[in-house]
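The values are calculated or read from the model by the stated rules, or taken from the named source; none is laboratory data. From a predicted model like this one, the values you see are computed outputs, not experimental measurements. Heads up, the Cβs are rebuilt from the backbone with ideal geometry, glycines too, and the neighbour counts pull from every protein chain shown.
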Amino acid sequence: MAATKDQIIASLRTAFNMEIETVINYLANSLHLEGVRAEFIKQALATDIQEELGHAQQLGNRIKQLGGAVPGSLHLKMTQRSLEPPDDTTDVVGVIKGVLQAEEDAIRHYKDIIKQTDGEDYVTQDLAITILGQEEAHRQQFEGYLKEYTKK
Ligand SMILES: [Fe+2]
Ligand SMILES: [Fe+2]
């Protein structure tokens, strides 16, 4: 069932919030991890920060086009437990799993927006489809890392 404009703006604000939290945690983990096995993942996370930030910029832009307000830090809610930097700074696999969880959450949310906007708001739908494709690419990338890092 198609949503109202206010509902679509609310979903875009949630997506914006999720992207910003992901940026924070990718940044933290890209700095936090240590060890030989960590170097590559730190680099991959550092690269993804730019891409997730780009998502937030595109979402914010669309929120504005719809007449909504882009949330500042006081209106953001942080809930991403899976990506809290681990106590063990060499726990690369734990971070990879956290990334996969974050990408899954993002994928689910963008699919919701695609359904919500169907027949109603094609521009937002197109944006959600584009970002969804990029999150699925991230997921595939980190699934590959997990495979290699958990190989016996
Ligand atoms: Fe993203
Ligand atoms: Fe992503």
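Of everything in the range 21-58 that is β-branched (Val, Ile, Thr) and within 16 Å of SER82 (Cβ to Cβ), the residue that is farthest from ligand 1 (Cβ to nearest atom) is ILE41. Being more than 16 Å from ILE63 (Cβ to Cβ), more than 16 Å from ligand 2 (Cβ to nearest atom) and touching a Pro at 6+ places or on another chain (Cβ under 6 Å) is true of GLY94.
Contact map, the range 85-114: residues that are touching a residue at least 60 places away in the same chain (Cβ under 8 Å) paired with residues that are surrounded by fewer than 22 Cβ atoms within 10 Å (Cβ to Cβ) and among the basic types (Lys, Arg), Cβ distance under 9 Å, separation 6+ or inter-chain. Pairs shown: GLY98/ARG81; VAL99/ARG139; ALA106/ARG139.
For ALA2, the conditions (1) more than 16 Å from ligand 2 (Cβ to nearest atom); (2) modelled with pLDDT of 95 or more; (3) not acidic (Asp, Glu) all hold with the exception of (2).
If you go through the range 51-78 and keep only what is within 16 Å of ligand 2 (Cβ to nearest atom) and either closer than 11 Å to ILE9 by Cβ or hydroxyl-bearing (Ser, Thr, Tyr) (or both), you end up with just LEU59.
Those residues that are part of a helix (DSSP H, G or I) and surrounded by fewer than 21 Cβ atoms within 10 Å (Cβ to Cβ), I need them from the range 117-137; list them, please.
Selection gives TYR122, VAL123, GLN125, ASP126, ILE129, THR130, LEU132, GLY133, GLN134, GLU136, ALA137.
Being among the small types (Gly, Ala, Ser) and more than 15 Å from ligand 1 (Cβ to nearest atom) is the filter; apply it to the range 97-144 and report the residue that is farthest from GLU84 (Cα to Cα). Restricting to residues being among the small types (Gly, Ala, Ser) and more than 15 Å from ligand 1 (Cβ to nearest atom), the top hit is GLY119.
State whether one or more residues within the range 19-34 are small (Gly, Ala, Ser), closer than 19 Å to GLU148 by Cβ and either out of contact with any Lys or Arg (no Cβ under 8 Å at 6 or more places or on another chain) or in contact (Cβ under 8 Å) with a residue 12 or more places away in the chain (or both). Checked against the condition, which is being small (Gly, Ala, Ser), closer than 19 Å to GLU148 by Cβ and either out of contact with any Lys or Arg (no Cβ under 8 Å at 6 or more places or on another chain) or in contact (Cβ under 8 Å) with a residue 12 or more places away in the chain (or both), the range 19-34 yields at least one hit.
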